[in-house]
Amino acid sequence: MTTPDQQAQSAAPTTESIFGPKYRTLTLGIIAVITVSAFEASAVITAMPVAARDLDALTWYAWTFTAFVVVSLYSMVVAGEVADRRGPAVPLVFGLVTFGLGSLLCGVAPGMAALLLGRAVQGLGSGAMIVAAYVLIGQTYPDEMRPRVFTAMSGAWLVPGIAGPALAGIIADTVGWRWVFLSVLVLLVPIAVVLVPRLFALGLDGDPEALPEGGRKRRALLAAVGLGLLQSAGQLMDAWSLLLLVPGAAMLAVSVPRLLPPGALRLRRGLPMVVVMRGLMAGAFFGAETFIPLMLVNERGLATATAGMALSGAVIGWFIGSWFQGRPSTTVHRWRLLQVGSGIVTLGILTTSVALVPTVPPLVVVVTWGFGAFGMGMLYATLGVLLLQLSPVDEQGVNSAALQVADSLGVVLCTGAAGVIFAAGHSAAGQDAEVFLAIFVAMGVVAAFATAVATRVRTTGTA
């Protein structure tokens, strides 16, 4: 429930900086939380192969990521409901504690079963943190400041995205992979000490009368299990995968429509379209990005490390795109920024395929993918702003959760579809140019479709 002070704050324009005295602690706290999450996300990709090998469980490698994604999806939905009823402080603190506990479990895991448990607990905390952060932004910052807050959140990925993998590699090679996880716990403690008192001092209590739709948690669990089955089917890519694919798809078909805003699957204007755009663009971008390093290694002969570094420009491009949309001088309507951003992503995906041409320097990907990431930075932040703008205060939690659910589903479905294309056409390393081209074209088509329908986020009064 909003207080009169909060309502007045939302109504009155302000030119105050997000780092001004009134917002500094909260802004730095949000940035710190996102930075730690970003470091974990980028570092674990480097550390996990070492951990799986050390625990003699390489066959379970993919499940370390599946467990995180599946549990986080369920956590997002529950955290959204709690944030609407009790305010964002409760799920954010729960997320910090749980994420730290999961990191500790991973760091001391004696075997793969314990590591998988730790990753699941991390997912539980991560899902709660991201949804609570959106609600916190919606209830604390005035409308005109939110674009700058989302820019700051994108900026929190810069250092972890660029230096995280290398730093994780150094840690894993010197003191051991366990300290990649334990270092996350060390970073979280001072953040919690500073941020938690500030959160409760804000008095954002939520609305106890904002009762959730009946059966929502059950549908979230069903969707999480269905998503896990779909991911597992995509990882197996054999005849047995059908035994997972069919029930997984059925579970998602039953549960997902009720987890998204009404009319989302019919591309209804306004908030439903905002959520759908997030799923489409996340799926198209990350579905293509997943196969870029493999393309550079197999088709162009780059070393694995070099191929991974080719994506570093994406982190910078993403931040610049987010900064561009968040400038106080920006006067372009947000729905137009979304349309332009998705169009840039489409071009970025399609032009990246030129790296398949033998006479083109393979590192052209640094430019083309950085260009596409510029569009993603612009549209991701814009979608966050529009979601909070179009959501009643007592529904910001549920709608923020829907946005994250659409994101996860889009990535899993598009990455899985790209995997099917690769498995169906793969012949041998150095002979798969047409297969990779098909993947980029397919993901480009998804992004182009999203660009074509982007104007449907516009409603009367939408900026």
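The values are calculated or read from the model by the stated rules, or taken from the named source; none is laboratory data. What you are looking at is a predicted structure, and each value in this text was computed from that prediction instead of being measured. Positions of Cβ are backbone-derived with ideal geometry, glycine not excepted, and every protein chain shown enters the neighbour counts.
Among the residues here, Ala132 qualifies as touching a Leu at 6+ places or on another chain (Cβ under 6 Å), at pLDDT 90 or above, assigned by TED's automatic domain parsing to the domain that holds Asp84 and buried (at least 21 other Cβ atoms within 10 Å of the Cβ).
Screening region 289-362 for helices (runs of 4 or more DSSP H) wholly inside it with 1 or more residues that are of a type in the set (Ser, Thr, Tyr) and in the same structural domain as Asp432 (by TED's automatic domain parsing) returns the ranges 304-309, 312-326, 334-352. Of all the residues in region 99-113, those that are in a helix (DSSP H, G or I) and either loosely packed, with under 14 Cβ neighbours inside 10 Å or in contact (Cβ under 8 Å) with a residue 24 or more places away in the chain (or both) number 9.
Ala438 meets all of the listed conditions (1) of a type outside the set (Phe, Trp, Tyr); (2) without any contact (Cβ under 8 Å) to a residue 60 or more places away in the chain; (3) surrounded by fewer than 17 Cβ atoms within 10 Å (Cβ to Cβ) but one, namely (3).
In region 247-272, the residue that is surrounded by the fewest Cβ atoms within 10 Å (Cβ to Cβ) out of those that are assigned to a helix (DSSP H, G or I) and basic (Lys, Arg) is Arg266. Ala401: surrounded by fewer than 19 Cβ atoms within 10 Å (Cβ to Cβ), within 25 Å of Leu221 (Cα to Cα) and among the aliphatic types (A, V, I, L, M), yes or no? Against the criterion (surrounded by fewer than 19 Cβ atoms within 10 Å (Cβ to Cβ), within 25 Å of Leu221 (Cα to Cα) and among the aliphatic types (A, V, I, L, M)), Ala401 does not qualify. Of all residues in region 49-89, those being without any contact (Cβ under 8 Å) to a residue 24 or more places away in the chain and either assigned to a helix (DSSP H, G or I) or surrounded by 20 or more Cβ atoms within 10 Å (Cβ to Cβ) (or both) number 4. Exactly one residue among Gly102, Gly107, Gly87 is in contact with a helix residue (DSSP H, G or I) (Cβ under 8 Å, 6 or more places away or on another chain) and on the phi > 0 side of the Ramachandran plot, and that residue is Gly87. Of the numbered criteria (1) at pLDDT below 90; (2) surrounded by fewer than 23 Cβ atoms within 10 Å (Cβ to Cβ), the one Gln396 fails is (2).
Across region 193-231, what is the number of residues that are small (Gly, Ala, Ser), out of contact with any Ser or Thr (no Cβ under 8 Å at 6 or more places or on another chain) and modelled with pLDDT under 85? Here the count works out to 5. Using the structure shown, decide if Gly270 is of a type outside the set (A, V, I, L, M), out of contact with any strand residue (DSSP E or B) (no Cβ under 8 Å at 6 or more places or on another chain), in contact (Cβ under 8 Å) with a residue 12 or more places away in the chain and at positive phi. So Gly270 passes the test. The single condition among (1) in a helix (DSSP H, G or I); (2) at pLDDT below 85; (3) among the acidic types (Asp, Glu) that Glu16 does not satisfy is (1).
Of all residues in region 190-203, at least one satisfies being part of a loop (DSSP other than H, G, I, E, B) and either among the acidic types (Asp, Glu) or within 23 Å of Arg86 (Cβ to Cβ) (or both). Would you call Trp335 within 22 Å of Thr290 (Cβ to Cβ) and out of contact with any strand residue (DSSP E or B) (no Cβ under 7 Å at 6 or more places or on another chain)? In short, no.
Take Gly308 and tell me if it is among the small types (Gly, Ala, Ser) and in contact (Cβ under 8 Å) with a residue 24 or more places away in the chain. Considered against the rule, which asks whether it is among the small types (Gly, Ala, Ser) and in contact (Cβ under 8 Å) with a residue 24 or more places away in the chain, Gly308 comes out as yes.
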